[in-house]
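Some notes on the structure that comes next.
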Amino acid sequence: MEHSPVTTNPLIIMMINMTVVFIVLVVLMYLIKLIHFIDPTKEKPKPAQVEEEEPLVAVKSEPAPAPAPIIEEGISPEIIAAISAAIAAYGFSGQVKAVHIVNHESTPWRSSAKFNTLRRK
Amino acid sequence: MEHSPVTTNPLIIMMINMTVVFIVLVVLMYLIKLIHFIDPTKEKPKPAQVEEEEPLVAVKSEPAPAPAPIIEEGISPEIIAAISAAIAAYGFSGQVKAVHIVNHESTPWRSSAKFNTLRRK
Amino acid sequence: MEHSPVTTNPLIIMMINMTVVFIVLVVLMYLIKLIHFIDPTKEKPKPAQVEEEEPLVAVKSEPAPAPAPIIEEGISPEIIAAISAAIAAYGFSGQVKAVHIVNHESTPWRSSAKFNTLRRK
Amino acid sequence: MEALNAFTVSLQAVWNDSGFSSFTVGNGIMILVGLLLLYMAFVKEFEPLLLGPIAFGCILANFPNTGFFGEEMNVMKAINFGITNEIFPPLIFLGIGAMTDFSPLLARPSTLLLGAAAQVGVFVALGGAMIVGFDVHEAAAIGIIGGADGPTSIYLSTKLAPHLLGAIAVAAYSYMSLVPLIQPPIMKMMTTQAEREIVMKELRPVTKFERVVFPIVSTIFISLLLPPIAALLGCLMLGNLFRESGVTDRLSDTAQNALINIVTIFLGLGTGMTMSAEGFLRADTLLIIALGLVAFMGGTAGGLIFGKIMCKMTGGAINPLIGSAGVSAVPMAARVSQLVGMKAKPGNYLLMHAMGPNVAGVIGTAVAAGTMLAMLK
Amino acid sequence: MEALNAFTVSLQAVWNDSGFSSFTVGNGIMILVGLLLLYMAFVKEFEPLLLGPIAFGCILANFPNTGFFGEEMNVMKAINFGITNEIFPPLIFLGIGAMTDFSPLLARPSTLLLGAAAQVGVFVALGGAMIVGFDVHEAAAIGIIGGADGPTSIYLSTKLAPHLLGAIAVAAYSYMSLVPLIQPPIMKMMTTQAEREIVMKELRPVTKFERVVFPIVSTIFISLLLPPIAALLGCLMLGNLFRESGVTDRLSDTAQNALINIVTIFLGLGTGMTMSAEGFLRADTLLIIALGLVAFMGGTAGGLIFGKIMCKMTGGAINPLIGSAGVSAVPMAARVSQLVGMKAKPGNYLLMHAMGPNVAGVIGTAVAAGTMLAMLK
Amino acid sequence: MEALNAFTVSLQAVWNDSGFSSFTVGNGIMILVGLLLLYMAFVKEFEPLLLGPIAFGCILANFPNTGFFGEEMNVMKAINFGITNEIFPPLIFLGIGAMTDFSPLLARPSTLLLGAAAQVGVFVALGGAMIVGFDVHEAAAIGIIGGADGPTSIYLSTKLAPHLLGAIAVAAYSYMSLVPLIQPPIMKMMTTQAEREIVMKELRPVTKFERVVFPIVSTIFISLLLPPIAALLGCLMLGNLFRESGVTDRLSDTAQNALINIVTIFLGLGTGMTMSAEGFLRADTLLIIALGLVAFMGGTAGGLIFGKIMCKMTGGAINPLIGSAGVSAVPMAARVSQLVGMKAKPGNYLLMHAMGPNVAGVIGTAVAAGTMLAMLK
Ligand code: NA
Ligand code: NA
Ligand code: NA
């Protein structure tokens, strides 16, 4: 299927291609939203979001008995850790011990460049 | 070597094939017996088989000083463990600590389905 | 590039080949010396070589506070260990704990034949 | 205006060359089949290591215009080359050999007979397939499903009936996963409570000599008698030698890890990619699936019947429940024997005893495949 | 005398057939180029896993009389076969998929738009390349450098402009390593201090259902729309399925270790071996390197601009700094977003948020490649 | 009656197509040879990693009617493709390079001369082979046995005398394992007690710079001078670079584990499968084995003589016992030097010093192979 391009104007070629890329990724975005919408395993949204109440300084308050993390079925520990880290990062919890934010962080593939800024305590 | 089958009768084809399979595996059975027969490393059969004396209830009798397992040269620890397990399973020894019955049990290949019924103590 | 050999005299063929091998490896020897010569990371030779003073019997003299090994940048720990071992082997130091002389020693590739003569203490 | 025109024409061109424009109902159904297989593989955990890649390959194969099957070489075509030339199944067997412990079989060689008897399912299905109209080559490939041995099924199918490869592979791996559902009712029906309660005598120790000599001798004997499976059986036994020799652990380790995993990905993907709509969406496929079930049940029954015979002949020393393990499906079928035995009499550990017929079933199925190839090829 | 004569003639023959006698200035320069690349790879640590083998391959390719490119098959020719037939890039993507966590993208799917916007660099470079005189196929292959995605660049180049493969691969991997130098100035220039200080809301949890369904759905949708990248995207998503299914850890492990490492060695060596003096030592190569930089900067800017738009539209919920991560260069670009964010406001952890556009950029570049292939091939 | 008739005919057909019906005395003897090699590999532990697969391949190759060497592609034919096109030896060398530490050689570069001197065995055997009637190509391939380097022997044999591959590979790997028996008597005979007691000065430290630059420089120099071994030597040195660069541990690890193990299985099997009765059961094979022994002994003597010369020239700084390690057979020959040294004077640790000539011998043999290829090919 060898085509002769419909135009030789670089600008038009750029616009066409860019448009197709955007269309594809926008559709993909809606597909992800659809997956989330139909997800039979997702947690129902909770009425009161407790996390937003604790102040930033409470990060170190380990003596206080922190509630066990709510573990949904089907969510991997990494995700939980990541979420906990996000919460911790903004000062809402004193309970997270160690965090692997994303798996690329720990794969040897990229081991030459390491950031440890997110590892806490 | 493309043959035209000698018969189109399914029943006869079945019988022929089944017969060949049986012949092959029967010969293989005798080959295994032959291997065992000529095995220069095999232990001579002992006159008195002590294991058959202890009753089933003795499985938990750990305080009694159990004899060290007789280790033949050329027998891998797995086999010894397997044998010990067999003995233990039928109540003749109180000495086995941990058992890998067959290697499939521990390979990751089949890790999705795990039985631990044979692990004791 | 199929040649007819210039001679069929085995002796001459032997001499020619051997000469080429020697020429190549001699040049390679000088290349290694050149690499060492231009090496921007190499340590300057020290005026006094302390190591040659201690007697052989001092190998076991651990109580004496041995100096920390001089670690050049760019030298792997294995090399240091190897060097330390060499020194230790001739009795000049009481400080080496464990040595991997060459990596073949520890690769599984050759694990069937193991020498432990160089492992000390 | 030129811009807008070019724009429309270009989008049109992308659409025209896309898979959507050439998409057939068949493609759609096959993608649904692929999704169903993915569900079976990943949610129901039916042999996910193989059925996962097979399912994904099935989906990939049904995207139009990908050029996977065109003139030009590409990664999918290279994988297909390994399928159509039977390169992958022997390499899988190399790893399986390195994972297999033949000791229970060597300790009680009579269990080879159970591994032979369980092949009756193969030939029952072969006969059944011929009766419902498949030709003898197709029937042989279908029958092998009853062998409960994935690589052997794929090997035989590519040689005798490549157009049925997808259906046969899917049936073989699915039923292997269903062994814990298919076998127990048959086992209970065909054995008496007294038989199920039989406690077997412990296995004798097996020497390293036996474990090393067995793969060599069996390779020589079987390969000489049935040359068409020399590659398959040779690789199985070479892998086993790597395991048992005691001096080639490196090779054993790689055979049962990196190598088998890489080949498994390719074997699965390549097998799935043979699943075109024309080949798969036919009444034949349903027949194959039905015949596969017959084969599995036949093999189970065959093993049990022979188990009962051996039980009689040995004066009750053999628990017939280990017979059903002769279908192979290692080690699932052996576990089923154990489970049913434990239900009849708690503490009746049959697993080790069932491993004999279980690994014998692998050899038995390879021999059955060799027999059929020798007669038909 | 015969001896001495034979001696002289033989030495002369060895010299005549040696590489020295056929050595060209071009070979010499290319070996120097290879040495420079080795220096970049091993001392400057520019993607050493790929650039190391590429550099070594470049050196090997410039030894005369090795017969690597002759009639007879040999190991280097076999590796070259895997390059020219696009066999290696999909296998690399299988491993990358097994290493990739799409959760941040699934938690905030709007970041896909940033992954799309960052592809503007690809097309800016495409346009630029056409303007400076490359034909449209070459221009597309050059543009893809801006995608910051090695395997995709190699895949597209082999399909559209194989003679430029070496220069494009080198540019792509070099700039990927230079992301921490190239991006920060642009990021600081294009964003305000207030924007950089924006703290983003934590990501919602993502279920296993989402993580398993996403690779399947995206494979189906994108492969149907853009069949030319079905192999590449299919392998990426199959690898991701191995990772996420929870029941195929063996395959995931091998895909991201033994398999990807083996293929990386071959891909690098094979790519380097396309770097002949005639192909590389041209003004075009400098143009390609310049255009590659334009592409990277364009992509960074595109992502940032769209980040600013999203920031506005969400009332300040999106920190525009995560936009630059849309160029992919996983996970380097996301780390750059984090670093610049932390400099603006200590404690402003953007890494996780930037991983969304970052992995979206991988998909975006594959889609851009597919689009260009659909239009041009 | 039809049934019984069909039954008989079928059994007859199976038998006729079986290997038994076409079995020759030659096959039988070769299978015995294979069994003997298996015994040597697994019981006597003669290089079991290579000799095991070679032996098994030899057995497989001598089953008639397997179709391994027919028109149709199959796994064994695919493996054979990798042998006949010299694809496997360079990949083995990639792993060996990743396992090799050149530091002892870099610390004392004069030991390269010992690695050169030990090649005298190669050329002695070459001359001997020509004298007993082999043509010069065959003689070169036979001579390389003296290099004590399996992959190089296989590489050269496939290029110059593929019909002798099996015998040469078996001889090379067998003698490598016999180094601890072959060398010590020669070493004791050719050295004085005083020489054996020489304690060598410790090696100087080697910098990372040297370890990284050496493989690059030696690849360039040797490949330019001897292009026929560019693939072999390039792979050896690339593997070494993976090891020494410090930033490619992933690749180094895979090269010396998964990759080398997979290729070892294939190389061994494929080499063994060239061992047909016609090719192997000839008086030539006995000659080759005898010449191989001559080569080994010649190499040992050559290394020792040069060691004595160096001992003299350095005023007793070099223990001549390290000369015999120049035959390579890494690290066995170096251990033999150490053992003999320790017997002469307890505490005289020569291992590290002998590693220099030992790894030099690998390079020396590759150079010898390159020289012969340059002159003869
Ligand atoms: Na079976
Ligand atoms: Na990208
Ligand atoms: Na050598």
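Brief remarks follow.
- Projecting the alpha carbon convex hull of the stretch D:1-133 along each direction and taking the average yields 14.1 nm².
- Against the main long axis of the alpha-carbon atoms of chain E, helix E:165-190 sits at an angle near 30°.
- Counting other Cβ atoms within 10 Å as a rough exposure proxy, the listed residues E:Glu71, F:Glu244, F:Glu197 run E:Glu71, F:Glu197, F:Glu244 from fewest neighbours to most.
- Equivalent-ellipsoid semi-axes of the stretch D:61-116, from the Cα gyration tensor, Å, largest first: 41, 12, 9
- Shortest-first distances to equivalent copies, position E:Thr24, nm, label 7 Å out along Cβ: 5.0, 5.0
- In the stretch D:92-231, the alpha-carbon atoms span a convex hull of 141 Å³ per residue.
- Residues in the stretch E:148-167 that a label on E:Val132 would reach, taking backbone N under 15 Å of a point 7 Å out along Cα→Cβ: E:164, E:167
- Relative protection proxy for D:72-82, E:325-335, E:14-24, from highest mean packing down: E:325-335, D:72-82, E:14-24 (other beta-carbon atoms within 10 angstrom).
- Overall form of chain E per C-alpha gyration tensor (a/c, 1.5; a/b vs b/c): prolate
- Teacher prompt: E:Leu181 distances to equivalent labels in other copies, 7 Å Cα→Cβ, nm: 6.1, 6.1
- The distance between label points at E:Asn16 and F:Phe81 comes to 3.7 nm (points 7 Å beyond Cα on the Cα→Cβ vector).
- Ordered by the number of other Cβ atoms lying within 10 Å of each residue's own Cβ, fewest first, E:Arg282, D:Arg196 fall into the sequence E:Arg282, D:Arg196.
- Charges were assigned to the Cβ only: +1 to each Lys and Arg, -1 to each Asp and Glu. The resulting dipole of the stretch D:128-235 about its Cα centre is roughly 320 debye.
- Copies compared at E:Glu278 - label distances in nm, ascending, label defined 7 Å from Cα in the Cβ direction: 4.2, 4.2
- Most mobile of E:Leu321, E:Leu11, E:Leu126 in a GNM of chain E (Cα contacts under 10 Å): E:Leu11
- Among chain D residues, the one whose Cβ is nearest the axis of the rotation from D to E, given with its distance rounded to whole Å, is D:Ala258, 2.
- Förster radius 35 Å - calculated FRET efficiency between A:Thr19 and E:Ala317 (Cβ-Cβ, nearest 0.05): 0.85
- Pair E:Asn5, F:Met73: separation of 7 Å Cα→Cβ label points (nm): 5.2
- On Cα atoms only, tilt of F:150-160 relative to the major axis of chain F in degrees: 60
- Computed over neighbours whose Cβ is under 12 Å from that of E:Pro89, the net charge equals -1, Lys and Arg +1, Asp and Glu -1.
- Measuring spread by the Cα atoms of the stretch F:100-150 yields a radius of gyration and Dmax of 14.0, 43 Å.
- Cα principal axis extents for the stretch F:212-333, largest first, Å: 54, 42, 28
- Neighbourhood net charge (14 Å Cβ-Cβ; Lys/Arg +1, Asp/Glu -1) for D:Val75: 0
- Highest mobility in the GNM of chain D, judged by mean-square fluctuation with C-alpha springs under 10 Å and restricted to D:Asn257, D:Asn62, D:Asn358, is found for D:Asn257.
- Prolate/oblate/rounded call for the stretch E:261-320, Cα gyration tensor, a/c under 1.5 rounded: oblate
- For chain F, the 222 nm mean residue ellipticity estimated from helices alone, with every DSSP H stretch of n ≥ 4 adding -39500 (n - 2.57) and the total spread over all residues, rounds to -23000 deg cm²/dmol.
- Exceedance of the 20 Å cut-off in Cα-Cα distance is limited, within the set B:Lys42/D:Lys312; B:Lys33/D:Lys208; A:Lys33/D:Lys44, to B:Lys42/D:Lys312; A:Lys33/D:Lys44.
- A Cβ-based charge dipole, computed about the Cα centre of chain E with Lys and Arg at +1 and Asp and Glu at -1, lands at about 1480 debye.
- Helix E:332-344 axis versus longest C-alpha principal axis of chain E: approximately 50°, rounded to the nearest ten.
Only the coordinates and a few stated rules stand behind these numbers; no lab work does. Please read all numbers here as calculations on a predicted model, not as lab measurements. Reconstructed Cβ throughout: ideal geometry from the backbone, glycine too, with neighbour counts over all protein chains shown.
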